[in-house]
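Working notes, structure below.
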Amino acid sequence: MNRREFLHGAATTALTLGFAAEVVDLNAKAQRSSQMQTGSLKKAVILSMLPESLSMVDKFKLAADVGFQGVEVAPTNDPKEIRILRGASEKAGIPIHSIIYGGWGKPLSSADPADGAEAVEAAKLALQSAKELGADGLLLVPGVVNPDNRYADVYHRSQKRVKELIPTAEKTGVTICIENVWNSFLLSPMEFARYVDECKSPFVQAYFDVGNVIGAFGFSQDWILTLGKRIKKIHLKDFKLPERQWTNIGDGSVNWPQVKKALAEVGFHGYATTELGGGDEKYLRDLSHRIDKLLL
């Protein structure tokens, strides 16, 4: 090979390599774009779903090993429990992203002023617990409609008391995440959106449960599109019709392709936490894979 042939060959190789590098770069950009379009959703698991036989550190390590990126726990104001949970989270390298506070016992919507005041104080403690555990969200059921508590009264009483929590939420940096549950309250996505908006604070958002609306309250994808940017966090489960049975993710009547599309459209990029029965490593690994297959 003479010098001219060598230089021609080198130039051709450089062009080929450059083109290949450009293709790889374009593919990487396309993949990143695809991840952004699906909302860069982060998978999480509830602590109680992890094997009870494991130490706390090993529970968090297992969660991370099978592919979860966050853990959701119950609130605690016990300093020892907080140290154990924070330590396990840090050693495993997987954050505690949310606290399942609930609010069913003495709800914020209580007609009894004393119970209502107690509910506010308990929620404030839960917000402080979330801060101590490193979580940025608190799941809150704001009120319960029943024969003794009219819908309109539950709406106004609960919203008034949620607003009383906002200064504590701001101080702790923890968002109050209102969840849609089977409490005969906030029965449509438009009303849910209105309820959140009327609180007039970025520290009051929605915790949308994909499975809770199936069969009685509409369609998951419609709720997602209506709630839009108000959605801070998501619970994942499935519900099978007409049997009306809770099922594993992907085995029920949730339209997961439409849910994925809706999440991408609203740009959701937060935590989606499985809310199912617990199980062993094989079960949890399969569950993580199901989420990948259906939503990522």
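The values are calculated or read from the model by the stated rules, or taken from the named source; none is laboratory data. The model shown is predicted, which means the values in this text are computed figures rather than measured ones. Neighbour counts are summed over all protein chains in view; Cβ atoms, including those assigned to glycine, are modelled from backbone coordinates with ideal geometry.
Per-structure values
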| item | result |
| --- | --- |
| Any hit, the range 115-130, residues being over 19 Å from ALA74 (Cα atoms), assigned by TED's automatic domain parsing to the domain that holds VAL259, buried (at least 18 other Cβ atoms within 10 Å of the Cβ) and of a type outside the set (Ser, Thr, Tyr) | yes |
| Unique residue being closer than 19 Å to GLU265 by Cα and modelled with pLDDT of 95 or more when the list is ILE166, ILE231, ILE249, ILE178 | ILE231 |
| Residues located in the range 177-213, provided they are among the hydrophobic types (A, V, I, L, M, F, W, C) and either more than 16 Å from TYR155 (Cβ to Cβ) or assigned to a helix (DSSP H, G or I) (or both) | CYS177, TRP182, MET190, PHE192, ALA193, VAL196, PHE203, PHE208, VAL210, VAL213 |
| Single residue of LEU186, LEU165 found to be under 28 Å from LEU276 (Cβ atoms) and assigned by TED's automatic domain parsing to the domain that holds PHE239 | LEU186 |
| Matching residues, the range 254-287, being small (Gly, Ala, Ser) and touching a helix residue (DSSP H, G or I) at 6+ places or on another chain (Cβ under 9 Å) | ALA262, ALA264, GLY267, ALA272, GLY277, GLY278, GLY279 |
| Residues within the range 66-113 that are of a type in the set (D, E, K, R) and touching a residue at least 12 places away in the same chain (Cβ under 8 Å), tallied | 4 |
| Selected residue (only one of GLY267, GLY211 is within 15 Å of the chain's Cα centre (by Cα), surrounded by fewer than 23 Cβ atoms within 10 Å (Cβ to Cβ), under 27 Å from ILE166 (Cα atoms) and modelled with pLDDT of 95 or more) | GLY267 |
| Search result, residues across the range 73-132 that are touching a strand residue (DSSP E or B) at 6+ places or on another chain (Cβ under 8 Å), part of a loop (DSSP other than H, G, I, E, B) and within 29 Å of GLU52 (Cβ to Cβ) | ALA74, PRO75, ILE94, PRO95, GLY103 |
| Any hit, the range 242-253, residues being in contact with a helix residue (DSSP H, G or I) (Cβ under 8 Å, 6 or more places away or on another chain) and in a helix (DSSP H, G or I) | no |
